[in-house]
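Visitor: Okay, handing you the structure first.
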Amino acid sequence: MESRLNYFGNPLGAKVLKHINSANKVITDSTLPTVIQELVKLRASQINGCGFCTDMHSKDAAHAGESRQRLNLVAVWREAKVFTDAERAALEVAEQGTRIADAAGGVTDEAWAVAAKHFDEEQLTALISLIAVINAYNRVNVINQQPAGDYQPGQFG
């Protein structure tokens, strides 16, 4: 499989990604726990069918010490006993926030209330922003048919 165009090497694409990457850096540096950030990025990427990001975030999470069992169960997190209540809350908001077209009101008040029990306002802001950013990355890669499988942890900084 080959990408439709060299988005990463295109001057306009590079400018767009520079700004998305800057937003991502702000989120990465927030108080939202890193493990939750990786789980959210992985789950949104799975939902969106983004092989490139699924590959990247599963490898980054494993490199950071995440267990193979938990990574294998992200797609079925509701049935898995290995996630904390806070992780479950973040994954629920991530799913509803990613499936906006499928869930006519976006994130439900119930899902938000559960998340608000586990995260402070800065972390909730980071969670919303993270969901928006990973969905942007997913869309670029899916539309461009960016191939998956070659990513190495730390490849982009």
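The values are calculated or read from the model by the stated rules, or taken from the named source; none is laboratory data. Since the model is a prediction, treat every value here as computed from it, not as a measurement. In this analysis, Cβ positions are derived from the backbone assuming ideal geometry, glycine residues included, and neighbour counts consider all displayed protein chains. Heavy atoms of the whole protein, side chains included, go into the accessibility calculation; ligands, DNA and RNA do not. Shrake-Rupley method; radii C 1.70, N 1.55, O 1.52, S 1.80 Å.
Visitor: Going toward the positive end of the dipole of the chain, with +1 on Lys and Arg Cβ and -1 on Asp and Glu Cβ, which of Gly154, Leu71, Leu12 do you reach last?
Guide: Ranked along the dipole, the leading option is Leu12.
Visitor: Below 14 Å, Cα to Cα, which aspartates and glutamates can Lys41 reach? Residues fewer than 8 away in the same chain don't count.
Guide: Within reach: Asp55, Asp60, Glu66, Glu87, Glu92, Glu95.
Visitor: With axes computed from alpha carbons, what is the tilt in degrees of helix 11-28 against the longest principal axis of the chain, rounded to the nearest 10 within 0 to 90?
Guide: Helix 11-28 sits roughly 30 degrees off the main axis of the chain.
Visitor: Report the trypsin sites (Lys or Arg not before Pro) located in the range 76-117 that are in a DSSP loop and have at most 12 other Cβ atoms inside 10 Å of their Cβ, or state none. All intermediate terms of the calculation are to be shown ahead of the outcome.
Guide: Working: sites: Arg78, Lys81, Arg88, Arg99, Lys117; in loops: Lys81, Arg99.
Passing both the DSSP loop test and the Cβ count: Lys81.
Visitor: Still on this structure: Using only Cα positions of the range 39-151, each an equal point scatterer, no hydration layer, compute I(q)/I(0) via Debye at q = 0.15, 0.19, 0.21 Å⁻¹ and quote the log10 values to two decimals.
Guide: Per q value, in the given order, log10 I(q)/I(0) is -0.64, -1.03, -1.23.
Visitor: Could I ask something else about it? For a paramagnetic label modelled at 7 Å from the Cα of Thr108 toward its Cβ, which residues of the range 74-88 fall within the zone defined by backbone nitrogen distances under 16 Å?
Guide: Answer for this model: 78-79, 88.
Visitor: With a Cα-only, solvent-free Debye model of the range 13-60, what are the log10 I(q)/I(0) values at q = 0.17, 0.20, 0.26 Å⁻¹?
Guide: Normalising to I(0) and taking log10 leaves -0.56, -0.75, -1.04.
Visitor: Where a Cα-Cα gap under 19 Å defines reach, which lysines qualify for Lys15, not counting those fewer than 8 residues away within the same chain?
Guide: Correct list for Lys15: Lys25.
Visitor: Just subtract the alpha-carbon distance of Ala64 and Glu2 from 0.36 nm times their residue separation and send over the number in nm, one decimal. Working shown, then result.
Guide: Values: separation 62, 0.36 × 62 = 22.32 nm, distance 2.88 nm.
Difference between extended and current length: 19.4 nm.
Visitor: Additional query: Roughly to the nearest percent, how much of the accessible area of the chain is carbon and sulfur, given a 1.4 Å probe?
Guide: Values: 4830 of 8750 Å².
Solvent-exposed carbon and sulfur of the chain make up 55 percent of the total.
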